[in-house]
1. All but one of (1) assigned to a loop (DSSP other than H, G, I, E, B); (2) in the same structural domain as residue 375 (by TED's automatic domain parsing) hold for residue 91; state the number of the condition that does not hold.
2. If you scan the stretch 94-128, which residues turn out to be within 19 Å of residue 69 (Cα to Cα), within 9 Å of the ligand (Cβ to nearest atom) and in a helix (DSSP H, G or I)?
3. Say whether the condition of being open to solvent by less than 70 Å² (accessible area, probe 1.4 Å), closer than 27 Å to residue 180 by Cα, modelled with pLDDT under 90 and in a loop (DSSP other than H, G, I, E, B) is met by at least one residue in the stretch 13-31.
4. If residue 397 satisfies every condition in (1) modelled with pLDDT under 95; (2) open to solvent by 20 Å² or more (accessible area, probe 1.4 Å) but one, which is the exception?
5. Considering each residue of the stretch 155-195, count those that are of a type in the set (A, V, I, L, M, F, W, C) and open to solvent by 10 Å² or more (accessible area, probe 1.4 Å), and give that number.
6. If I filter the stretch 214-238 down to residues being buried (at least 23 other Cβ atoms within 10 Å of the Cβ) and not in a helix (DSSP H, G or I), which single residue comes out as farthest from the ligand (Cβ to nearest atom)?
7. Looking only at the stretch 99-157, count every residue that is polar (S, T, N, Q) and under 17 Å from the mean Cα position of the chain (by Cα) and tell me the total.
8. State which residue is least open to solvent (accessible area, probe 1.4 Å) when the search covers only the stretch 72-116 and only residues that are without any contact (Cβ under 8 Å) to a residue 40 or more places away in the chain and farther than 16 Å from residue 272 by Cβ.
Amino acid sequence: MSFVREDFETSPYVDKVFEIRKKAESDNNPDSINATIGSLKDENSKLYVFSSVYRIYDSLPDEVKAAYSSAIKGNPDFLQTVINWVDNGLLNLEKDAIATPGGTGAIDLAINCCLKPGDNILIPEIGWGSYSLMAKENHLNAYTYPLFDGDKFAIEELKKLCKELISKNNKLFFIINDPCQNPTGYSLTHQEWQELIDFFNELSKEGEIIILDDIAYIDFAKEDSRSYFKLFNQLNEKILFLVAFSASKTLSAYGMRLGALLSYNKNKENIDDFTNACVRFARCTWSNSNNGFMHCFNKLFTEHQEEYLKERAEAVSLIAERAEIFLKEAKEVDLPIYPYKDGYFVTVKIEKDKINAYQEALIRNSIYAVPVNKGIRIALCSLNKEKTKGLAKKLKEVLDEIA
Ligand code: PLP
């Protein structure tokens with residue numbers, strides 16, 4: 001007998017990332033490599049902490065940290081600041097935002113407010129594992145789009161799938177995690193975005209379209225992370241553009257559980273309807289987001305942005321240096337990787353049926369990394385330069401062993 005509703009899974013949830021991370025942490029070999037952790041670490045392998053953030057947070061009165069937020073939607077000054085920070089005034093459509101517990105909360109909120117059990121959702125084939133879990137738990141039919149055709153973004157295949165899906169029930173819900181995609185580190189070019197926007201405008205004659213851009217890693221792009229947003233001003237009224245923002249990554253503050261879901265459309269009524277639905281959903285699930293951290297976020301970006309930008313620039317250069325070492329060596333030893341531009345992760349290309357054997361062989365060599373669809377993810381964000389040096393060669397040697 002189980003008291004759980006029968007359409008819910010009752011087997012224990014095993015998180016791939018946490019499992020392999022536990023194994024890595026119990027390996028006593030001093031040369032072991034733990035490339036599993038998706039959090040930013042410094043060169044001493046300590047969690048990267050922006051002092052500009054905690055100087056403000058620690059200065060807040062305890063009553064502020066302890067209090068509920070001033071509205072279920074989120075504190076109004078935080079919402080305005082997060083919109084300004086995310087779109088930098090580049091989007092002049094009607095817009096709104098709601099505070100969420102992390103980027104995860106934003107994505108789950110979007111899914112719940114737009115889709116009902118039995119609906120379809122289009123997610124990346126090589127992507128963050130939680131998308132497919134959310135689809136499953138919400139009883140959605142998940143379809144996946146391939147990311148690459150050779151080393152290029154597989155735009156034609158994506159268009160084909162979008163056409164197929166919209167013809168099923170006149171609705172398309174499409175998730176993309178761009179820029180600095182997890183796990184490949186790819187970012188779409190402006191041309192690719194422009195081609196997609198033209199395509200969606202045309203496709204919207206057949207039904208409603210929701211584009212959810214999960215921008216979790218946007219603040220770790222080396223340059224020009226925002227200008228592609230300008231292109232979205234061309235979207236017509238039948239397309240809702242949603243942006244899931246994660247303060248976990250932007251502020252390297254994963255445990256604070258703050259994020260936001262931003263919505264954009266030509267028509268204000270559509271935005272108001274969507275926001276009202278979101279507020280109702282939030283009220284019934286997490287109710288409030290972290291009040292103290294919303295205050296901290298607001299103060300940081302309205303009064304101390306320069307200090308934060310300086311600290312963040314250092315973090316971005318650090319990841320870029322690690323990436324440069326890895327990519328150069330990968331090229332030298334001919335290690336197959338997916339096209340990487342920016343961000344926390346790079347992924348070794350490997351056929352699906354060889355992933356388990358590869359991972360086991362890596363573990364025998366004290367190398368720990370997370371298997372993803374069609375690859376093994378290397379978290380550059382948490383590997384110091386010393387550990388990064390020589391890693392591509394080791395990965396290639398183990399790959400050759402199992403070939
Ligand atoms: N999106 C992607 C692609 C992620 O990798 C993550 C975290 O790992 C998130 C969203 C959400 O993170 P959080 O809920 O901590 O903001």
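The values are calculated or read from the model by the stated rules, or taken from the named source; none is laboratory data. Computed from a predicted structure; not experimentally measured. Using ideal geometry, Cβ is built from the backbone for each residue, glycine included, and neighbour counts are taken over all protein chains shown. Keep in mind that these areas ignore ligands, DNA and RNA; they rest on the heavy atoms of the full protein, side chains included. Shrake-Rupley method; radii C 1.70, N 1.55, O 1.52, S 1.80 Å.
1. Exception for residue 91: condition (2).
2. Here is the first cut: in the stretch 94-128, the ones within 19 Å of residue 69 (Cα to Cα) are 96-103, 105-106, 109.
Those still in the list that are within 9 Å of the ligand (Cβ to nearest atom) too: 100-103, 105-106.
Listed by number, the residues that qualify are 102, 103, 105, 106.
3. Taking the stretch 13-31 as the starting set, the residues that turn out to be open to solvent by less than 70 Å² (accessible area, probe 1.4 Å) are 15, 17, 20, 24, 27, 29.
Filter again for closer than 27 Å to residue 180 by Cα, leaving 15, 17, 20, 24.
Checking the rest, the ones that are also modelled with pLDDT under 90 come to 15, 17.
Okay, now just the ones that are also in a loop (DSSP other than H, G, I, E, B), so 15.
Yes: one or more hits.
4. (1)
5. So in the stretch 155-195, the residues of a type in the set (A, V, I, L, M, F, W, C) come out as 155, 158, 161-162, 165-166, 172-176, 180, 188, 193.
When the remaining residues are screened for being open to solvent by 10 Å² or more (accessible area, probe 1.4 Å), the result is 155, 161, 188.
Qualifying residue count, the stretch 155-195: 3.
6. Top of the filtered list is 215.
7. Restricting attention to the stretch 99-157, the residues satisfying the condition of being polar (S, T, N, Q) are 100, 104, 112, 120, 130, 132, 138, 141, 144.
Checking which are under 17 Å from the mean Cα position of the chain (by Cα) leaves us with 100, 104, 130, 132, 144.
The total comes to 5.
8. Just the residues of the stretch 72-116 that are without any contact (Cβ under 8 Å) to a residue 40 or more places away in the chain, to begin with: 76, 80, 89, 108, 116.
From what is left, the residues that are farther than 16 Å from residue 272 by Cβ are 80, 89, 108, 116.
Working: 80: 100, 89: 61, 108: 42, 116: 126 Å².
Across the stretch 72-116, the extreme among qualifying residues is 108.
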